[in-house]
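Trainee: The structure follows.
The values are calculated or read from the model by the stated rules, or taken from the named source; none is laboratory data. Computed from a prediction, not measured in an experiment: that's the story for all the values here. Positions of Cβ are backbone-derived with ideal geometry, glycine not excepted, and every protein chain shown enters the neighbour counts.
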Amino acid sequence: MKTLLIAAEKGGTGRSALLCQFAHYLRRVRGARIRVLDLAESACSTASLTRTDRAVLPGGRHVPAKPHAQTGRARAPRIQVLPGGAVHGLPSEAGESSARYYANMRHLLRVVAPFVDVCLIDCPPLPDPRAVCAEANADAMLSPIVLSSEALDSADDLINGPHGVRNVRARLNPALRFFGLLPNMVEDTPLQRVQARALQTQMGAWLIPDPRDPDGFLQMPRLDAIAQAQAAGVPVLDIAWRDAAARPAWRMMRHCLDAIALRLDCVAARGPGAGTGANLPSIPLQRRRSMCNASIRSWAPRLMRCLSLGLACFIGTSVITPGLTHADDWGCQVILCLSNPGDPEQYAPCVPPIEKLWRALRHGDPFPTCDFGAGGSQGTSASNTFARAAYCREDLLDRRGPEERERPCGARGAINTDINGQAYTRAWRDAGGEDWTITGFYGAGSTGASYDPTQSAPLFLERMQREEGGEDGEDDAGGGG
């Protein structure tokens, strides 16, 4: 289970609406099992989500997810909503018992972890103790802000204040991944444009890069469709399906949600307290050379010995003859680092050779090779494939029309590493922006099956047709299904 906290320094930032729509998105588009933990006093998330049978409260009427009438496919499970006031041990105010509140929340997340893919947490504005306890337990955090004269002060407190991200990571939760600040309810007015430029100038390192605009940042526009969807307790997609005028709003919103989900994909799933997060990027947040940091503890010592002592090593079940892979052999270093199931640059010895590789590929240089010598590992290699519409990861395909997009795939290329002739890892380089990498692991012990990037476009088109055709049309605001 991955835990995402959506928190802000002030109220009125659209935090609850963003959380609800992201929950609908993860359920509807990703098919994920979602739990919403609503710690806010107003419980706006609970009120909106439970207006239909898409979400259920604990102890409420169980509505099975029946198959779709036309496709026969099972629907995604209902969103499980858990108001903090309904949980014994999570009172409406943490008060002086903050330590107990933290421990109770930690225990709750451990209990629900086997049954949930993503837990979204709504909470009161910081520095409320409940919000601080949620920060201390979450895997990742996203902070919506409203462009205003107070936005800069609010953002600075959120990051540098006594209960801000820096202090929480230093003292309570070193593994907390801060996705960044998300300007919300943005309007295209001269005043908002000036405020956006000021925010980018002073807090640019904390904004989320826009995958479509190398010089821009992610922002959620003010959309009437969101207010309508929240009032009805449905995803914006449902309104877009019934009203063609709302479809541009859904596309703009989908772009933001895709980018957030992509970052959530790269957060290593962990239970509360599982690991110290020592390998995660340090604050201040910078454009990481890589996005995913899934820790494979058994792999790290082998790589460190391999690169530090100039010895060959075993990677998984692969056989590389001792003495033939040297630390000064760039091509062999590259293969070793690309074989890391977590990330090519997860460990410090891999940063120089992989950075050199990225520079070489951007300049059009050939992919380096490694001579394993006689008796070396046969079937162990790495190769670069340029990304395009016909070879892409599905969630990196550009959803805009050909006249709007710069390139059909949101990555520049994929590096496939084979061990003993079998697919082991695939690293998408410059995914969603320069210097971002997404790594997939397909070797022994992996949780996901290898997929064919040449089939992503057809599958993507099929899914988009289902969405626009209203696959869940019968599951409308009335609560059917």
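Trainee: Is it fair to say Val81 is modelled with pLDDT of 85 or more, of a type in the set (A, V, I, L, M, F, W, C) and outside any helix (DSSP H, G or I)?
Mentor: Details: modelled with pLDDT of 85 or more: yes; of a type in the set (A, V, I, L, M, F, W, C): yes; outside any helix (DSSP H, G or I): yes.
Yes, satisfied.
Trainee: Looking only at the stretch 342-358, which residues are part of a loop (DSSP other than H, G, I, E, B) and within 17 Å of Ala431 (Cα to Cα)?
Mentor: We begin by selecting, within the stretch 342-358, every residue part of a loop (DSSP other than H, G, I, E, B); these are 342-347.
Listed by number, the residues that qualify are Gly342, Asp343, Pro344, Glu345, Gln346.
Trainee: Further, regarding this structure: Among the residues of the stretch 250-268, count how many are farther than 19 Å from Ile239 by Cα and crowded, with 18+ Cβ neighbours inside 10 Å.
Mentor: 9
Trainee: Here is a check on your reading of the model: is Pro235 in contact with a Phe, Trp or Tyr (Cβ under 9 Å, 6 or more places away or on another chain) and modelled with pLDDT under 85?
Mentor: Details: in contact with a Phe, Trp or Tyr (Cβ under 9 Å, 6 or more places away or on another chain): yes; modelled with pLDDT under 85: no.
So Pro235 does not fit the description; no.
Trainee: Scan (1) at pLDDT 85 or above; (2) surrounded by fewer than 20 Cβ atoms within 10 Å (Cβ to Cβ); (3) of a type in the set (Val, Ile, Thr) for the single condition Val63 breaks and write down its number.
Mentor: (1)
Trainee: From the list Ala205, Ala231, pick out the single residue that is among the small types (Gly, Ala, Ser), more than 24 Å from the chain's Cα centre (by Cα) and in the same structural domain as Gly12 (by TED's automatic domain parsing). Walk me through how you get there before you give the answer.
Mentor: Working: Ala205 fails: more than 24 Å from the chain's Cα centre (by Cα).
The unique qualifying residue is Ala231.
Trainee: Residues of the stretch 1-42 being of a type in the set (Lys, Arg), touching a Leu at 6+ places or on another chain (Cβ under 8 Å) and part of a helix (DSSP H, G or I), which ones? Step through it out loud before you land on a result.
Mentor: Taking the stretch 1-42 and keeping what is of a type in the set (Lys, Arg), we get 2, 10, 15, 27-28, 30, 33, 35.
Subsequent filtering for residues that are touching a Leu at 6+ places or on another chain (Cβ under 8 Å) retains 2, 28, 35.
Within the stretch 1-42, Arg28 is the sole residue that qualifies.
Trainee: I've got another one for you. Phe217 - would you say it is without any contact (Cβ under 8 Å) to a residue 40 or more places away in the chain, assigned by TED's automatic domain parsing to the domain that holds Gly11 and within 22 Å of Arg263 (Cβ to Cβ)?
Mentor: On the way: without any contact (Cβ under 8 Å) to a residue 40 or more places away in the chain: yes; assigned by TED's automatic domain parsing to the domain that holds Gly11: yes; within 22 Å of Arg263 (Cβ to Cβ): yes.
Spelling it out, Phe217 is indeed without any contact (Cβ under 8 Å) to a residue 40 or more places away in the chain, assigned by TED's automatic domain parsing to the domain that holds Gly11 and within 22 Å of Arg263 (Cβ to Cβ).
Trainee: While we're looking at this one, here's another question. How about the stretch 107-131: which of its residues are in contact (Cβ under 8 Å) with a residue 40 or more places away in the chain and more than 21 Å from Ala55 (Cα to Cα)?
Mentor: Arg110, Pro124, Pro125, Leu126, Arg130, Ala131 - these are the residues of the stretch 107-131 that are in contact (Cβ under 8 Å) with a residue 40 or more places away in the chain and more than 21 Å from Ala55 (Cα to Cα).
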